[in-house]
Number of protein chains: 2
Amino acid sequence: MPSLKKTHPSKGRRPKSRRATPSRPAQGGFRDSGAASQNGRSTLSERLYQGLKRDIIRGVYPPGEALGEKELAKRYKSSRTPVREAAVRLQQENLLRIVPNRGYFASSMTINWLNEIYEFRAAVEGACAELAARKGNDEKLADELARLAQTEYETHDRASYERFIKADTAFHIGMARLTRNPMLVRAVSDMRCHMERVMYAAIGIGYYGEAPVKEHSEIVQAIRNHDPELARRLMYEHIIQSRAKVLRLAYGESSVL
Amino acid sequence: MPSLKKTHPSKGRRPKSRRATPSRPAQGGFRDSGAASQNGRSTLSERLYQGLKRDIIRGVYPPGEALGEKELAKRYKSSRTPVREAAVRLQQENLLRIVPNRGYFASSMTINWLNEIYEFRAAVEGACAELAARKGNDEKLADELARLAQTEYETHDRASYERFIKADTAFHIGMARLTRNPMLVRAVSDMRCHMERVMYAAIGIGYYGEAPVKEHSEIVQAIRNHDPELARRLMYEHIIQSRAKVLRLAYGESSVL
DNA sequence: AAGACAATCATGGTATACAAAACGCATGCA
DNA sequence: TGCATGCGTTTTGTATACCATGATTGTCTT
């Protein structure tokens, strides 16, 4: 079977007519997880998934309280089926907890959990940086990262801070993309959801971090210089520092996350 | 035959009495979330998910051929709804691809993909080993790992080889558990699905790897000695070697994966 | 008054109904 | 002959119906 194949389900049982019409691109839009279908045409499930995810990340739903399927269906103007589908996906990403006879709960962010997530990030993104430095030959993307690394923001200006969050995410995901390994990209992307959530929560208590322009830039530089060890170490330290900041915050303000 | 309309008799016309207030479930103590339902509680969706997953891993469905929802529903004696739910989950784990008007396809295993997955494993499991060595203080689990590391098997005895696969998975997941980081455990577990699939596919072409008893044991030893650097390096090399074997196989026999 | 118990109701899991769209086929027109 | 088009079938996405289960509350017993 497809040992050296291009990905693509072979059409298998049908040696029938070879469709020569490229009218309907077979590669087209299969609903993929990840960022694939940017397609304007989306299914309700997909929109619900995106919407719910966004809302959870933005802190619309306090992690303590329950949402029923029915309720969500109403709120997003759909029926229970798409809600359910979205919920299943979100649960697998640990953004939502489904408790059988209670409802859906936006997963709570504990200090313990924060530690775990940063630990995970340090592992995965450290490896990303190393790999990126090792195989890196996508100058275009590297340029893009260098640009993103510069992103600053006005303290206490929420809109600008939100732009920064986006840039930060783009930076880290971009780094993963440098490895050209979809799995790493996926892992980093998933983590970014959680990180964004934390950042939004931080805004909620009036805290705005600082743009790690220097750290980001150094990382890019290390990658450009093809110094895997350095890249890894810098990324690792960057993440550890990030954790320290957040933890200090979390301990200070206590239980708001 | 279409349109078998069913006039539904009015259900009890309840005069809609009191209470519509969502109560406050507060914070129960049910910490079930992490380990999926290990309890006897089986919903059809869950069983379907497990079953389908198992079958994909065991190579029951050749990656080329399409499965329709209807068909699967019949095969697993359920309706489309649970099938759908299971499929969504499996898709997120990259075990299944859902192609809109063609059906479900067990994801194909390309050489490229193999490289990616091993790369990912090297990153994540390397970090696991390091962390395990660093924080390790769960002697019980470490003993268990040492035991698992010894698992051998009779060449060309399928049953024994399957036991080995299980032990191998248990070993790697156990290592992740030593980090006490659920996210790492999850990541490793997810990868194991894919690895098992590869191993089963290897059986299919009459190949039985070799039990990496020595490598596993050395890793455990490094962890026990609290030597993070060594542990990481050993794990890394172990995985790279593993990849080399599989790739040699894949190139050699070509078309069976 | 406290606790066991029964009635009742919401909820979640599943099956099914319905609708829109895609594919396949065949036919018609150039 | 070849391409476009129309129709029927299949598939998929969504809504809804159904039912068992579990939760909540009020009542009764001690």
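Worth a mention:
- Any hit, the range B:52-74, residues being within 14 Å of DNA strand C (Cβ to nearest atom), without any contact (Cβ under 8 Å) to a residue 24 or more places away in the chain and within 23 Å of B:R186 (Cβ to Cβ): no
- Residue in the range B:220-227 that is in a helix (DSSP H, G or I) and surrounded by fewer than 19 Cβ atoms within 10 Å (Cβ to Cβ) present: yes
- In the range B:232-257, the residues that are modelled with pLDDT of 95 or more, crowded, with 17+ Cβ neighbours inside 10 Å and of a type in the set (V, I, T): B:I239
- Restricting attention to the range A:107-140 and to residues that are within 21 Å of B:A123 (Cα to Cα) and of a type in the set (S, T, N, Q), the residue that is nearest to the other protein chains (Cβ to nearest Cβ) turns out to be A:N115.
- Summed over the range A:143-197, the residues that are of a type in the set (G, A, S) and either within 16 Å of B:A187 (Cα to Cα) or out of contact with any helix residue (DSSP H, G or I) (no Cβ under 7 Å at 6 or more places or on another chain) (or both) give a count of 4.
- Among residues of the range A:172-187 being aliphatic (A, V, I, L, M) and surrounded by fewer than 23 Cβ atoms within 10 Å (Cβ to Cβ), the one that is farthest from the other protein chains (Cβ to nearest Cβ) is A:I173.
- In the range B:86-123, residue nearest to DNA strand C (Cβ to nearest atom) [restricted to those that are assigned to a loop (DSSP other than H, G, I, E, B) and farther than 18 Å from B:M195 by Cα]: B:N101
- Whichever residue in the range B:46-69 is within 14 Å of DNA strand D (Cβ to nearest atom) and assigned to a loop (DSSP other than H, G, I, E, B) and, among such residues, is nearest to the other protein chains (Cβ to nearest Cβ): B:E65
- Among the candidates B:E229, B:E218, B:E196, the residue that is modelled with pLDDT of 95 or more and in contact with a Ser or Thr (Cβ under 7 Å, 6 or more places away or on another chain) is uniquely B:E196.
- Yes/no for B:L72 being part of a helix (DSSP H, G or I), away from every other protein chain (no Cβ under 11 Å) and surrounded by 16 or more Cβ atoms within 10 Å (Cβ to Cβ): yes
- Output for the range B:71-106, where each listed residue is of a type in the set (K, R), near DNA strand D (Cβ under 9 Å from one of its atoms) and closer than 23 Å to B:S42 by Cβ: B:R80, B:R84
The values are calculated or read from the model by the stated rules, or taken from the named source; none is laboratory data. In this text, all values refer to a predicted model and were calculated from it rather than measured experimentally. A quick note on method: Cβ atoms are made from the backbone with ideal geometry, for glycine too, and the neighbour counts reach across all protein chains shown.
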